[in-house]
1. List every residue pair whose Cβ atoms lie under 8 Å apart, where the two residues are 6 or more positions apart in sequence or sit on different chains, the first residue falls within segment 13-39 and is loosely packed, with under 10 Cβ neighbours inside 10 Å, and the second residue, located anywhere, is not aliphatic (A, V, I, L, M).
2. Would you be able to say whether some residue in segment 42-51 is free of Cβ contacts under 8 Å to residues at least 12 places away in the same chain and surrounded by 10 or more Cβ atoms within 10 Å (Cβ to Cβ)?
Amino acid sequence: MAAGQIEGYASISELIEAATLKEVRRLQRRHNNGRPWDGASPGSLRPGQRTRAEQTREHQGEP
């Protein structure tokens, strides 16, 4: 909380948004020649976390 206020974040949501945008920009530079990504169409991204089975497979090194 103290560092967030010092750094100018009024809420945890602002911190998460700034961190996410920083990572998106990094991914754009690395994988999209620095250009902004095209927007995702509604419904094309799945909401929520991976299922427990998906997480288990990932930790076991399965696709």
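Only the coordinates and a few stated rules stand behind these numbers; no lab work does. Because the structure is a prediction, the values reported are computed rather than measured. As a convention, Cβ positions derive from the backbone with ideal geometry for all residues, glycine included, and neighbour counts pool all protein chains shown.
1. From segment 13-39, the pairs are G34/Q28; R35/Q28; P36/Q28.
2. yes
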